[in-house]
Structure formats: C-alpha cells, structure tokens
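Derivation of every value follows stated rules applied to the coordinates shown; laboratory data play no part. Computed from a predicted structure; not experimentally measured. When we count neighbours, we look across all protein chains shown, and the Cβ atoms used for this are built from the backbone with ideal geometry, even at glycine.
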Amino acid sequence: MTTLQTLHKVVELAEKRRDEALGALAQMQREMQVAQDQMNQLEAYAQESQSRWAARSSVGVDTALLMHHRQFMAKIDHAIAFQRGVLSERQTMIDRAQDQVHAAERDLAGLRKFTERKLQALQHKAQRQDQKRTDEMALNIHLRQALARNQAQP
C-alpha cells in the first residue's frame, strides 16, 4: 500500500469517527428534547394543580385534604427536581459529545491538510523528475547534433 493510499485510508477512518461523533451528538440532542418535553409536562401539571388548588381552597378545605395536597405537591416538586438533574446530566453529555465532534473535525482537517501537502510534495517531485528527464533528453539531442555537425565538417 502506498503512502497516499494509507493516508486516504486514515482520512476515511477519521471521517467515520467524525460521523459517529455527529450521530451520537444528534442522539443525545433528541434525548435532551424528550427530557425537556417531560420537564415541560411536569411543570405544566404542577401549575395546573396549583391553579385547581387555589380555586378549591377559596371555599375552604379540611386539614386532611390540605395535608394530602402538600404531600402531592412535594412529590411533584421531587419529580421536577429529579428531571432538572436529568436535564443537567443530558446537557453535560451533549457538551462532551460536542467536544468529541470538534476534536474529530479538527483531526480530520489536520489529516486532510497533511494528505494535501503530501500529494503536493509527490506531484512536485514527479514534476522535477519529468523536468530532469526532459533536460537530459534535450542535452542528449544537443550533444548528438553537435557531434553530427563535428563529424560532417572536414
């Protein structure tokens, strides 16, 4: 396998790594959206429960019902706090995934640049070799012509 073939294979692997990192990031962003939707539902439910309680409590409630409502709201608050933790964890995972995408893109860009430079160096070397062959051929033609002229002169 030539150097360029090896470099192209390395670039392909780097592209695959980048694509996998992008896929993982997209999946985490979808999961974040689901978690955010759940948070929105919990907050809306808590707000609705508070509104119903406010309307109901305006006519008076007994102590048992008040205790039940407080316990219920404590469970909803606990669920909201738990969901905040989930959202925070998801955001941390997204931040890490974004860092991995950036690193993969940076690596890929570096490999592409290196491959480009290597290709340019090989092309430059081939041009120099072609020029050398052309110069040698021109010199040989010139020497043959000079030799032919010298032999033709008495």
Worksheet item: Looking at (1) in a loop (DSSP other than H, G, I, E, B); (2) in contact (Cβ under 8 Å) with a residue 24 or more places away in the chain, which is the one condition that is false for Val61?
Response: (2)
Discussion item. Against the conditions (1) in contact with a helix residue (DSSP H, G or I) (Cβ under 7 Å, 6 or more places away or on another chain); (2) closer than 24 Å to Gln33 by Cβ, where does Leu108 fall short? Just the number, please.
Written reply: (2)
Worksheet item: Taking the stretch 1-41 as the region of interest, how many residues are surrounded by 13 or more Cβ atoms within 10 Å (Cβ to Cβ), of a type in the set (A, V, I, L, M) and more than 30 Å from Lys118 (Cβ to Cβ)?
Response: 6
Worksheet item: When you go through (1) aliphatic (A, V, I, L, M); (2) surrounded by 12 or more Cβ atoms within 10 Å (Cβ to Cβ); (3) part of a helix (DSSP H, G or I) one by one for Ala121, which number turns out not to apply?
Response: (2)
Worksheet entry | Lone qualifier among Glu20, Glu105 - being closer than 30 Å to Gln123 by Cα, in a helix (DSSP H, G or I), within 29 Å of the chain's Cα centre (by Cα) and of a type outside the set (Lys, Arg) | Glu105
Worksheet item: Has the stretch 120-130 got at least one residue that is over 17 Å from Leu7 (Cβ atoms) and in contact (Cβ under 8 Å) with a residue 60 or more places away in the chain?
Response: no
Discussion item. One residue is enough: does the stretch 90-100 have a residue meeting the conditions more than 16 Å from the chain's Cα centre (by Cα) and either among the aliphatic types (A, V, I, L, M) or exposed (fewer than 13 other Cβ atoms within 10 Å of the Cβ) (or both)?
Written reply: no
